[in-house]
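Data first, discussion second: the structure below is written as structure tokens.
The values are calculated or read from the model by the stated rules, or taken from the named source; none is laboratory data. On a predicted model such as this, the values are computed, not experimentally measured, just so you know. All Cβ positions, glycine included, derive from the backbone under ideal geometry; neighbour counts span all protein chains shown. SASA here: full protein model, heavy atoms, side chains in, ligands and nucleic acids out. Shrake-Rupley method; radii C 1.70, N 1.55, O 1.52, S 1.80 Å.
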Amino acid sequence: QVQLVESGGGLVQAGGSLRLSCAASGRTFTNYDMGWFRQAPGKEREFVAAISWSGRSTYNADSVRGRFIISRDNAKNTVYLQMSNLKPEDTAVYYCAARPEYSGFVYATASGTYNYWGQGTQVTVSS
């Protein structure tokens, strides 16, 4: 059992920055791939970013590339999403997710490959 708890969401003006954190507890965090997804009301859940268990590989959605950075600190069992130059279209509930390591970091964008999910944290970007 792995429990994930997101924090760091809030209200920010367009162009501002915010850092989300996801703290993991339970089974080993080190050997898990981690991802961030988001969902706005009435819309499908959308992939944002992912990082392999080693931190060697990352992948970002086109919509956030160049603005968001995913990172992890395995010693602290924590993954981060540093968000910069935020836009109103970034407004959503952001979810942290974990899966046991996939060889080759395949299917990192697929929500169905992730076994554990956090409760979500709201990010609202005003114009």
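Residue 97 versus (1) crowded, with 21+ Cβ neighbours inside 10 Å; (2) closer than 15 Å to residue 10 by Cβ; (3) not acidic (Asp, Glu): which is the lone unmet condition?
For residue 97, the failing item is (2).
Please indicate, with yes or no, whether at least one residue in the range 86-94 is under 27 Å from residue 13 (Cα atoms), of a type in the set (Val, Ile, Thr), at pLDDT 95 or above and open to solvent by 20 Å² or more (accessible area, probe 1.4 Å).
Yes: the range 86-94 contains one or more residues that are under 27 Å from residue 13 (Cα atoms), of a type in the set (Val, Ile, Thr), at pLDDT 95 or above and open to solvent by 20 Å² or more (accessible area, probe 1.4 Å).
Could you tell me how many of the residues in the range 100-120 are assigned to a loop (DSSP other than H, G, I, E, B), of a type in the set (S, T, N, Q) and surrounded by 16 or more Cβ atoms within 10 Å (Cβ to Cβ)?
Adding up the residues that qualify gives 1.
For residue 123, indicate whether it is in contact (Cβ under 8 Å) with a residue 24 or more places away in the chain, closer than 24 Å to residue 15 by Cβ and part of a loop (DSSP other than H, G, I, E, B).
Taking the combined requirement at face value, the residue does not satisfy it.
I'm trying to understand the selection: among the residues of the range 67-79, which are assigned to a loop (DSSP other than H, G, I, E, B) and either surrounded by 18 or more Cβ atoms within 10 Å (Cβ to Cβ) or in contact with a Phe, Trp or Tyr (Cβ under 6 Å, 6 or more places away or on another chain) (or both)?
Within the range 67-79, just 77 meets the criteria.
Hey, can you tell me all the residues within the range 37-58 that are under 12 Å from the mean Cα position of the chain (by Cα), closer than 16 Å to residue 87 by Cβ and of a type outside the set (Asp, Glu)?
Matches in the range 37-58: 38, 48, 49.
Restricting to the range 44-66, name every residue that is free of Cβ contacts under 8 Å to residues at least 60 places away in the same chain, farther than 17 Å from residue 125 by Cα and part of a loop (DSSP other than H, G, I, E, B).
The answer is 44, 52, 53, 54, 55, 56, 57, 61, 62, 65, 66.
For the range 1-16, how many residues are small (Gly, Ala, Ser) and either under 24 Å from residue 77 (Cβ atoms) or in a strand (DSSP E or B) (or both)?
4
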